[in-house]
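Colleague: Handing you this structure, nothing more for now.
The values are calculated or read from the model by the stated rules, or taken from the named source; none is laboratory data. Model, not experiment: these values are computed from the prediction. Because the Cβ atoms are built from the backbone with ideal geometry, glycine has one as well, and the counts that use them run over all protein chains shown. For the accessible areas, the whole protein counts, side chains as well, though only heavy atoms, and no ligand, DNA or RNA atoms are used. Shrake-Rupley method; radii C 1.70, N 1.55, O 1.52, S 1.80 Å.
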Amino acid sequence: MTKTKAEKIIEYIKGLPEGTKISVRQVSSHLGVSEGTSYRAIKQAEEEGLVKTIERVGTIRVIKKEDHIVGDLTFDQVNRVIQGAVLTGHQYLDREISRFIIGAMRTEEIGKYLEDGAFLIVGNREDAQLRAINSGAGILITGGFGASPEILKKAEAHKVPVISTEHDTFSIASLIHRELYSLSLINEVTTANDLMLKQEGYATDVTADLSRFVPGESVTFLLDGDRFLGTVKSRDLPHINKSNYRKYLYQDIYVPAHTTIQSMRQMMTWHQLNIIPVVGSSREFLGVVHRREVFKDVAPHTLQTGMSTEEIIDREITVRENELHIKVMPFMTDEFGTLTQAGFMRLVERMVMMVAKERDIKNYHIDSLNVTNLRLVQINQAIQLNGEILDIGDQYIKMEVRTMSDGVLYSKVGLMVQYFK
């Protein structure tokens, strides 16, 4: 089948190395198509994540990075959570789990759900255990029961792990659900890995003629091959070579690939940077992140895996006359019925969020805080929090959050909040 012009352009873009600049005129000239066709194809490529347009930089070829865990939990991850005893199959614990199956049904019914890589959670039912192993599924035996020699031998032959735990089936299901929820949270967070690009003009090899290098920013990143050496001021490049570069290094400024947006915002604001290098665990240079990507508004993700304790707290909060009202719920307290520090800090964070929203401040983080507890807040107690800005500067807000109940002061929190314009 003959390819359309747009398909040929997309194929051409896919063949370009990462970091290559792309323009409508260049594509049209290379492939002999109209600029209108090139423009529409490039827009389609941007929607597919093949290219990215950055202000004052242009459109460049990008390759989607995968850093987060995108599959399911492994047998080893689950075992670390439940702290079980591996009866056999230690060498197979790194396999991913395709699905979890609770063995609370008849053996013939379990067979409908079994598959290679599944994980059957079951008690001392040897018929169900054998059925699972023969299907290539691992086994988690609950209630502290062991496994027969026949089960262990079969598991070794089919290369699947058999794990035993003292917990009951309900407790195990709850623990695994929590771990899956945590995994979802990790995968939803935007990091440097998601935003970084490989581009020329921001990094150069220390062995090159640096006097001829045209920097793209006020700082330049020095490399030795793929290895990141450090950051230097671009104006010093004519004086730098491989033997003296160390004395020109401008602090140790870089971020790992897993760095979150908020951390990058803080670092870029503090050092007044428009770009920041992303460096791997072995000091390999991975790419750069632009200030525009870090400071643009990011829409919050809505998770579908259940409600966290923070979400439940947020749901119970009532806002009246710039005050936050809530009745302390049992799960927000410790074994003595007193409001926990974690529960209290969630309320303080929500109060800061309210104050920031009033000032139309979207990007901020709590830099430091000092808590003074005058009285302890108890279970089922109705409390109110109110916040007041004491001083506001170019980068920081000094504020105080007070906790009241029936007109009595229970605590005061002094905060320094850094905000980003």
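Colleague: Can you give the FRET efficiency for residue 53 and residue 321, using 1/(1 + (r/R0)^6), R0 = 41 Å, r = Cβ-Cβ distance, to the nearest 0.05?
Modeller: With R0 = 41 Å, the Cβ-Cβ based efficiency is 0.35.
Colleague: Now for a different question. Grab the other residues whose beta carbon is less than 13 angstrom from that of residue 282, score K and R as +1, D and E as -1, and report the net.
Modeller: -1
Colleague: Which three numbers, in whole Å and largest first, are the semi-axes of the equivalent ellipsoid of region 191-234 derived from its Cα gyration tensor as √(5λ)?
Modeller: Semi-axis lengths for region 191-234 are 19, 12, 9 Å.
Colleague: Okay, moving on. What residues qualify as long-range amide H neighbours of residue 227, i.e. H under 5 Å apart, gap of 5 or more or another chain, H built at 1.01 Å from N?
Modeller: HN-HN under 5 Å from residue 227: 285.
Colleague: Once the whole set of protein chains is in place, how much accessible area is left on residue 4, using a 1.4 Å probe, in Å² to the nearest 10?
Modeller: Probe radius 1.4 Å; accessible area of residue 4 about 70 Å².
Colleague: What list of whole percents do you get for P(r) of the chain, with Cα-Cα distances grouped in 10 Å bins up to the one holding the largest distance?
Modeller: Here the calculated profile for the chain is 4, 15, 17, 19, 21, 17, 6, 1.
Colleague: Got a sec to turn the phi values of region 226-234 into Karplus ³J(HN,Hα) couplings, 6.51 cos²θ - 1.76 cosθ + 1.60 with θ = phi - 60°, whole Hz, x for Gly and Pro?
Modeller: These are the phi-based 3J(HN,Hα) values: 9, 7, 7, 9, x, 10, 10, 6, 4 Hz.
Colleague: Translational D (Stokes-Einstein, µm²/s) of region 76-231 at 37 °C and 0.692 mPa s when Rh comes from the Kirkwood sum over C-alpha pairs?
Modeller: It comes out at roughly 174 µm²/s.
Colleague: May I ask you to list, by number, the DSSP H helices of the chain whose Cα span along the axis is at least 27 Å and whose average Kyte-Doolittle hydropathy reaches 0.0 or more?
Modeller: Length and hydropathy pass: 169-188.
Colleague: Let me ask you something else. Can you compute the modelled spin-label distance between residue 226 and residue 371, with each label point 7 Å from Cα toward Cβ, in nm?
Modeller: Once both label points are built, they end up 4.5 nm from each other.
Colleague: Something else about it: Return the inverse of the average 1/r over all pairs of distinct C-alpha atoms in region 322-363, which is the Kirkwood hydrodynamic radius, in Å to one decimal.
Modeller: Averaging 1/r across every pair of different Cα atoms and inverting gives 11.5 Å.
Colleague: Suppose every Lys and Arg Cβ carries +1 and every Asp and Glu Cβ carries -1, with no other charges. What dipole size does region 321-383 come out with about its Cα centre, to the nearest 20 debye?
Modeller: 80
Colleague: If one computes the Cα centroid of region 108-165 and of region 74-102, what distance in Å separates the two points?
Modeller: Computed from Cα coordinates, the inter-centre distance equals 12 Å.
Colleague: Now for a separate question. Any idea which of 31, 111, 364 is furthest toward the positive side of the dipole for the chain, if Lys and Arg beta-carbons carry +1 and Asp and Glu beta-carbons -1?
Modeller: It is 31.
Colleague: Counting only residues 5 or more places away or on other chains, whose amide H sits under 5 Å from the amide H of residue 377 once H atoms are built in the peptide plane?
Modeller: Result for residue 377 returns 339.
Colleague: Can you tell me which of 379-386, 350-357 comes out highest on packing, and rank the rest after it, using the mean Cβ neighbours within 10 Å?
Modeller: Packing proxy ranking, top to bottom: 350-357, 379-386.
Colleague: A further question on this structure: To the nearest 20 debye, what is the magnitude of the charge dipole of the chain about its Cα centre, counting +1 on the Cβ of each Lys and Arg and -1 on the Cβ of each Asp and Glu?
Modeller: 1340
Colleague: For region 301-421, what is the charge dipole size about the Cα centre, in debye to the nearest 20, if Lys and Arg each add +1 at the Cβ and Asp and Glu each add -1 at the Cβ?
Modeller: Value, rounded to 20: 80 debye.
Colleague: While we're looking at this one, here's another question. In a shell of Cβ-Cβ distance under 10 Å around residue 390, excluding residue 390 itself, what net charge do Lys and Arg (+1) and Asp and Glu (-1) give?
Modeller: -2
Colleague: Could you derive backbone 3J(HN,Hα) for region 92-102 from the dihedral phi with the Karplus parameters 6.51, -1.76 and 1.60 (θ = phi - 60°), listing whole Hz in sequence and x where the residue is Gly or Pro?
Modeller: Each residue of region 92-102 in turn: 10, 5, 7, 6, 6, 8, 7, 6, 9, 10, 8 Hz.
Colleague: Give me, ordered by chain and number, the residues 5 or more places off residue 167 or on other chains with an amide H under 5 Å from its own placed amide H.
Modeller: 143, 144
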